[in-house]
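Asker: One structure coming up, written as structure tokens, with questions to follow.
The values are calculated or read from the model by the stated rules, or taken from the named source; none is laboratory data. Keep in mind that what you see is a predicted model, and the values were worked out from it rather than measured. All Cβ positions, even for glycine, are placed from backbone atoms using ideal geometry, and neighbour counts span all protein chains on display. Note: areas computed on protein heavy atoms with side chains; ligands, DNA, RNA excluded. Shrake-Rupley method; radii C 1.70, N 1.55, O 1.52, S 1.80 Å.
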Amino acid sequence: MKMVSAIIKPFKLDDVREALSEIGVQGITVTEVKGFGRQKGHTELYRGAEYVVDFLPKVKIDVAIKDDMLDQVLEAIASAAKTGKIGDGKLFVFPIEQVTRIRTGESGEDAL
């Protein structure tokens, strides 16, 4: 089993969710986060004063999947989130040692 974490632009969330639904992914967790990479933030003007926005709003999506779905999930997220501009985001893949569904007590891939 794998955990795929994706950091994407907020306006691409619906596209990614739809792409994952189409390939059969049943559950995702979404978190609003802030960060920066190569963008390094930007300067904004508010009431006549300039201020630097160091951390840009992003969305983090976590998806727990079976090993055989990994390539499909990575491709679906990457293609749906891509704008071709800096700040499109990143994909991270982590191994999952164990999963247990609290309600039924199922564990392993059955809990996904």
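Asker: If you take the residues of the stretch 63-88 that are buried (at least 18 other Cβ atoms within 10 Å of the Cβ) and more than 13 Å from residue 25 (Cα to Cα), which of them is nearest to the chain's Cα centre (by Cα)?
Answerer: This residue is 81.
Asker: Identify all residues within the stretch 70-101 that are of a type in the set (A, V, I, L, M, F, W, C) and either touching a helix residue (DSSP H, G or I) at 6+ places or on another chain (Cβ under 8 Å) or at pLDDT below 95 (or both); write none if there are none.
Answerer: Those that are of a type in the set (A, V, I, L, M, F, W, C) and either touching a helix residue (DSSP H, G or I) at 6+ places or on another chain (Cβ under 8 Å) or at pLDDT below 95 (or both): 73, 76, 77, 80, 81, 86, 91, 93, 99.
Asker: Taking interchain pairs and intrachain pairs at least six residues apart, which have beta carbon atoms under 6 angstrom, with the first residue in the stretch 87-102 and closer than 12 Å to residue 8 by Cα and the second open to solvent by less than 70 Å² (accessible area, probe 1.4 Å) and among the hydroxyl-bearing types (Ser, Thr, Tyr)?
Answerer: Pairs found: 92/5.
Asker: A further question on this structure: Could you tell me whether the stretch 67-79 includes any residue that is in contact (Cβ under 8 Å) with a residue 24 or more places away in the chain and under 17 Å from residue 11 (Cβ atoms)?
Answerer: Within the stretch 67-79, one or more residues are in contact (Cβ under 8 Å) with a residue 24 or more places away in the chain and under 17 Å from residue 11 (Cβ atoms).
Asker: Could you tell me which residue of the stretch 62-112 is nearest to residue 7 (Cα to Cα), considering only residues that are β-branched (Val, Ile, Thr) and outside any loop (DSSP other than H, G, I, E, B)?
Answerer: Once the filter is applied, the top-ranked residue is 77.
Asker: Taking the condition modelled with pLDDT of 95 or more and on the phi < 0 side of the Ramachandran plot, does residue 32 pass?
Answerer: It is true that residue 32 is modelled with pLDDT of 95 or more and on the phi < 0 side of the Ramachandran plot.
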